[in-house]
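The block underneath contains the structure these notes are about, expressed in structure tokens.
Read-outs: derived from the displayed coordinates by stated rules, not from any lab. For clarity, every value in this text was computed on a predicted model and none was experimentally measured. Here the Cβ positions follow ideal geometry from the backbone for every residue, glycine too, while neighbour counts run over all protein chains shown.
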Amino acid sequence: MNKEITCTALVQEKLDLLKQNTNNTVNALLDTMALDLAAKVDAKIANGEPIGLLEGIPFGIKDVYMVQGTYTTASSELLKNYKSAYTATAIQKLLDAGAIPLVKENCDSFGHGSSSENTIFGAVKNAINPDLVGGGSSGGSAVNVAKDYTVFSIGGDTGGSVRQPAGYNNVYGLKPTYGRISRYGLMAYASSTDCVGPIAKSIEDIRIVLNVMSGKDIKDQTSYASAEITQDAILTSDSIKTVGYFKNFIESDAIDAEVKSDFLATIENIKAKGIEVKALDFFESETLVSTYYTLAMAETASNLSRLDGTNYGNRIEADNLKETYAVTRSENFSEETKRRIVGGNQVLSQGFSDEIYLKGLALRDSIANNFENDFNEVDIIISPVTPSTPPKIGDSLKDPHAMYLSDAYTVGFSLGQLPTLTVPQGTATGLQITAAKNNDELVLKFANFLKDTI
Amino acid sequence: MSKIMTVDVLSSIKGAQPSEAVNKLFEVIKNANTTNNNTFNHHNNAVSLNDLRDDVVIDSSATEKQIIIENFPKEKNGYLVVSKVIEE
């Protein structure tokens, strides 16, 4: 490391940028903690002690992760004064590696949204054009990385919440294989697809941060042990012979003409490198979106049922216990959060559950089977990230159903629990690279190949 | 149980109604063809029983306990106050 700038000066510079920023990316600055940690790194350097790869690197945290003693609001009225009692495993691993947390980042409340407009802290503005949305739900995180306010940020991806804002702001964003990173301390939205995901400006940064956060954690029984992905392992892509894409994604009426032509041009570039490209059959966008939202709403209705103002949160007293619950939840949840909770309770209620919830699970199973068969045919699947470019701020909230449909290209990979990376190339909102479960390494390999190819 | 509960009661959200946007999603599911009707085949997401964590109580740190108390919404004379429960 060159010593031209101290860690303290670097951290202070980033804190100043975050404080002054007009993109609404900040829910809370962690300035005292960050400057204390930076002083320790400077002392180590001054003493000639060796420092690790992430030591002194400033990063951001979506405001749905617990960091002991900091406010964790989920951008909601209900938790606007809630303080984390403990620290999420993924964040603790970064702290242990010496990374310095600067900021709790704005996002859609409880991850409910695709634009980062569903927040009490004001809509996140896109890094490239501030009239447009920052994407969501991890919008603040993607914008901070794009604007160089943080070196990397940790978002959360349930149905595309890391990949879509990464695409909207032209940075890298990874949803790892489900379970590769512990969810302990990530506020639960839909537990069966919730993933911790890094956002950064390079594949190398994604690799380093992913390695640090990965691993089995007894506090999350769905987490699993994985091998480190080495720098050398992802340099060559000789093992990738066949790439697939879903032809119905591209033939859909909903896709923007330019996104379509750019995507097809990318396919031609890949073919020109001698890689075989196969057009694959897949489920209709409507089926994917409906399956995802049906299951996610059922899970979020259950996960958020604990938020009743009894032990924590902004309790609003009423005549009795049940009234207190109802008033607290009615006044403190956003319209979108209420819509999803009510939808989830519909799904799970008697008379509906067989017809909708169980059928949703069966569809998810078929989707997963489809992926399994596809990965017998191809090594990698590529896809656009979104059908269109980012909407103007204010437009998405008018039509929730249209917002759900805008997630058509991201939700399938979530249901399959597959590793998927957004790269800022190929279309105006990037490309998604997906491999079979547990094959995160292959995704990064192909990203390196694309970086040099297109 | 024959008592019918409406979604506002189930959700503890006053005046909640099913939304049109969400009902459209459900319609798609109802009309979808599933190739398998066996919901729980090999893609289930259950955790293996062979790899559970030790069944031991781990005490929280003093800081953690202190923050949990700080987060409690209402306190009176050193007691944490909860809402009055009325038996139905």
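Remarks
- Partner chain coverage, peptide A:347-356 - average Cβ within 10 angstrom: 3
- As a proxy for reagent exposure, A:292, A:65 were ordered by neighbouring Cβ count within 10 angstrom, fewest first; the result is A:65, A:292.
- Amide H to amide H distances under 5 Å link residue A:132 with A:126, A:393, where only residues 5 or more positions off or on other chains count and H is placed in the peptide plane.
- Additional length obtainable on full extension of the chain from residue B:79 to residue B:30, 0.36 nm per residue less Cα span: 12.6 nm
- For the range A:236-244, the Karplus equation 6.51 cos²θ - 1.76 cosθ + 1.60, evaluated at θ = phi - 60°, returns couplings of 10, 10, 4, 6, 8, 9, 10, 10, x Hz by residue, with Gly and Pro reported as x.
- Computed over the protein assembly as shown, the per-residue total of -39500 (n - 2.57) for DSSP H runs of n ≥ 4 gives a 222 nm mean residue ellipticity of -11000 deg cm²/dmol, rounded to 500.
- Gyration tensor verdict on the range A:138-251 (Cα atoms; rounded if a/c is under 1.5, prolate if a/b is larger than b/c, oblate otherwise): rounded
- For chain A, a/c is not less than 1.5, where a ≥ b ≥ c are the root eigenvalues of the C-alpha gyration tensor, and a/b does not top b/c. That puts it in the oblate class.
- Sorting the segments A:97-104, B:27-34 by their mean number of nearby beta carbons within 10 angstrom, highest to lowest, gives A:97-104, B:27-34.
- A simple rule links phi to the HN-Hα coupling: the Karplus curve 6.51 cos²θ - 1.76 cosθ + 1.60 with θ = phi - 60°, which for the range A:83-93 gives 10, 5, 8, 8, 10, 4, 4, 4, 6, 4, 5 Hz, with x for Gly and Pro.
- Label-to-label distance, nm, for residues given as residue A:6 and residue A:71 (7 Å Cα→Cβ offset): 2.9 nm
- Estimated at 0.36 nm per residue, the fully extended path between residue A:216 and residue A:148 surpasses their Cα-Cα distance by 21.4 nm.
- Legend: calculated FRET efficiency, residue B:58 to residue A:321, from the Cβ-Cβ distance at R0 = 41 Å, rounded to 0.05, equals 0.85.
- Ranked for footprinting exposure by Cβ neighbours inside 10 Å, fewest first, A:288, A:304 give A:304, A:288.
- Of all DSSP beta bridges in the protein assembly as shown, antiparallel share, percent nearest 5: 65 percent
- Put in order of Cβ neighbour count within 10 Å, fewest first, the listed residues A:364, A:340, A:163 become A:364, A:340, A:163.
- Paramagnetic label zone (point 7 Å from Cα along Cα-to-C-beta, residue A:372; backbone N under 18 Å) in the range A:418-447: A:418-419, A:435-439
- Couplings for the range A:196-210, taken from phi via the Karplus curve 6.51 cos²θ - 1.76 cosθ + 1.60 with θ = phi - 60°, read 7, x, x, 10, 7, 9, 9, 5, 4, 5, 4, 4, 4, 5, 4 Hz in order; Gly and Pro are left as x.
- Amide H contacts of residue A:27: A:104, A:105, A:106, each under 5 Å away and 5 or more positions distant or on a separate chain (H built 1.01 Å from N in the peptide plane; Pro and chain starts excluded).
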